[in-house]
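Q: I'd like to ask some things about the structure below.
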């Protein structure tokens, strides 16, 4: 199996490299080695490498900054995704694309299925939805995997931010009215590998997140409680609940984004680990 991976230095890309089967051949690209907004360059690399599967974990993920940089967000998340899908079609390769829960508006009150109608309320979500639609329309062998609240031992993520703030402040304000499911990037990488290895994976959209729904406030408390059991410096840190309105971030956030995982579990089983957060916190504190 020959894989072209984009976004290889991101959380999911790093975890995928860690877990890739030994007999698979991988070309791992990032924004410096492959500009996915340049269709010429994308097609050239695909023709040279001739992958069986293209896995796109690249993306413009700065949700707040996207409001002021919409053109850049759409260039990466929409045009870049289309370029990869078209190159995959030309090569006869499968295209697997990582997307987000923020294609929804957060007004639902029950886990959101793949049949739910997207309605993004910020620029980031709109750019990701555009990428989904363009890819599905461009190439029949396209799989979209939506996820949420991704964390890992790599890159910039919520767990790292909370651990850093826990050493800087005794009281950390944290939003309590946004509900979602934290997802370990390693579990998501395992799912991507399973989709890549299926001989005939059905095209379309799938949801994949962690099992436990929570809010940012409770997730932060769990992180700090885990850290406090390892490092006493975290024992006196408290979390102050605030609302999304009080946060006053540039981008509007959906309040409820719990994705229903049943379809992907029916297809590939359940690759989600039981306690990845504990392992991640221990590894981060060890460094």
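Q: I want to confirm something. Restricting to region 160-173 and keeping residues that are over 30 Å from residue 16 (Cα atoms) and in contact with a strand residue (DSSP E or B) (Cβ under 6 Å, 6 or more places away or on another chain), which single residue is surrounded by the most Cβ atoms within 10 Å (Cβ to Cβ)?
A: This residue is 172.
Q: If a residue has to be over 29 Å from residue 15 (Cα atoms) and either touching a strand residue (DSSP E or B) at 6+ places or on another chain (Cβ under 7 Å) or loosely packed, with under 14 Cβ neighbours inside 10 Å (or both) to count, how many in region 250-287 make the cut?
A: Qualifying residue count for the region: 1.
Q: If you check 26, 34, 16, which single one turns out to be farther than 12 Å from residue 88 by Cα, in contact with a strand residue (DSSP E or B) (Cβ under 9 Å, 6 or more places away or on another chain), buried (at least 21 other Cβ atoms within 10 Å of the Cβ) and free of Cβ contacts under 8 Å to residues at least 40 places away in the same chain?
A: So the residue among 26, 34, 16 that is farther than 12 Å from residue 88 by Cα, in contact with a strand residue (DSSP E or B) (Cβ under 9 Å, 6 or more places away or on another chain), buried (at least 21 other Cβ atoms within 10 Å of the Cβ) and free of Cβ contacts under 8 Å to residues at least 40 places away in the same chain is 34.
Q: Every residue in region 239-248 that is closer than 27 Å to residue 211 by Cβ and modelled with pLDDT under 95, please.
A: Within region 239-248, 247 is the sole residue that qualifies.
Table: residues versus (1) assigned to a loop (DSSP other than H, G, I, E, B); (2) more than 16 Å from the chain's Cα centre (by Cα); (3) modelled with pLDDT of 95 or more; (4) crowded, with 22+ Cβ neighbours inside 10 Å.
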{"site": "55", "(1), (2), (3), (4)": "no, no, yes, yes"}
{"site": "65", "(1), (2), (3), (4)": "no, yes, yes, no"}
{"site": "83", "(1), (2), (3), (4)": "no, yes, yes, yes"}
{"site": "96", "(1), (2), (3), (4)": "no, no, yes, yes"}
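Q: Which helices (runs of 4 or more DSSP H) sit wholly inside region 203-285 and have at least 1 residues that are touching a helix residue (DSSP H, G or I) at 6+ places or on another chain (Cβ under 8 Å) and over 24 Å from residue 189 (Cα atoms)?
A: So the answer is 216-228.
Q: Then there is this: Out of region 200-227, which residues are surrounded by fewer than 18 Cβ atoms within 10 Å (Cβ to Cβ), under 18 Å from residue 151 (Cβ atoms) and without any contact (Cβ under 8 Å) to a residue 40 or more places away in the chain?
A: Passing the criteria: 212, 225.
Q: Name the pairs whose Cβ atoms lie under 8 Å apart, with the first residue in region 228-246 and without any contact (Cβ under 8 Å) to a residue 40 or more places away in the chain, the second part of a loop (DSSP other than H, G, I, E, B), and 6 or more positions between them or separate chains?
A: Short answer, once both residue conditions are applied: 228/235; 228/237.
Q: If you go through region 137-159 one residue at a time, how many are surrounded by fewer than 18 Cβ atoms within 10 Å (Cβ to Cβ) and either assigned to a strand (DSSP E or B) or more than 21 Å from the chain's Cα centre (by Cα) (or both)?
A: Looking only at that region, the number is 2.
Q: Does region 3-14 contain at least one residue that is closer than 30 Å to residue 250 by Cβ, part of a helix (DSSP H, G or I) and in contact with a helix residue (DSSP H, G or I) (Cβ under 6 Å, 6 or more places away or on another chain)?
A: Scanning region 3-14 turns up at least one residue that is closer than 30 Å to residue 250 by Cβ, part of a helix (DSSP H, G or I) and in contact with a helix residue (DSSP H, G or I) (Cβ under 6 Å, 6 or more places away or on another chain).
The values are calculated or read from the model by the stated rules, or taken from the named source; none is laboratory data. This structure is a prediction, so every number in the text was calculated from the model and none was measured. Here the Cβ is made from the backbone with ideal geometry for all residues, glycine too, and neighbour counts use every protein chain on show.
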